[in-house]
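Below: the structure, in structure tokens.
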Amino acid sequence: MWRQGDIFIQAIPALPPEASGRPLPHTVLAHGEITGHSHRVADPAALFAGDGCFYLDVPADGTRVVHDEHGTITLDRGTYRVWRQREYTPVRIVTVQD
């Protein structure tokens with residue numbers, strides 16, 4: 001498992017069937033609400049919408065996930081689940097903003 005700021009990335013065996021029909025036209029994993037910098041895939045890959053997460057299909061070794069304020073993550077060929085860190089407050093669960 002990898003962490004880049006408020007983003008977590010975990011290798012999984014395969015793309016879930018419910019996500020395969022939900023491709024996205026971009027590879028931005030999260031927009032930076034405070035800084036304006038985004039977590040994004042810098043190399044060819046396919047991103048799919050899940051319920052509360054994304055799924056990333058990486059076709060080649062060496063695919064980079066980049067952010068202007070965090071170190072680059074290099075992924076091998078495979079499928080990954082991507083989600084944002086959350087934190088508990090007494091009122092509700094909040095998505096962490098980078």
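Restricting attention to the stretch 54-92, the residues that are surrounded by 15 or more Cβ atoms within 10 Å (Cβ to Cβ) and at pLDDT 90 or above add up to 17. Every condition in (1) touching a Phe, Trp or Tyr at 6+ places or on another chain (Cβ under 8 Å); (2) modelled with pLDDT under 95; (3) surrounded by fewer than 15 Cβ atoms within 10 Å (Cβ to Cβ) is met by Ile7 except one, and the failing one is (3).
The values are calculated or read from the model by the stated rules, or taken from the named source; none is laboratory data. Because the structure is predicted, anything quoted here is derived from the model rather than measured. So basically every Cβ, Gly included, is an ideal-geometry build from the backbone, and we count neighbours across all protein chains shown.
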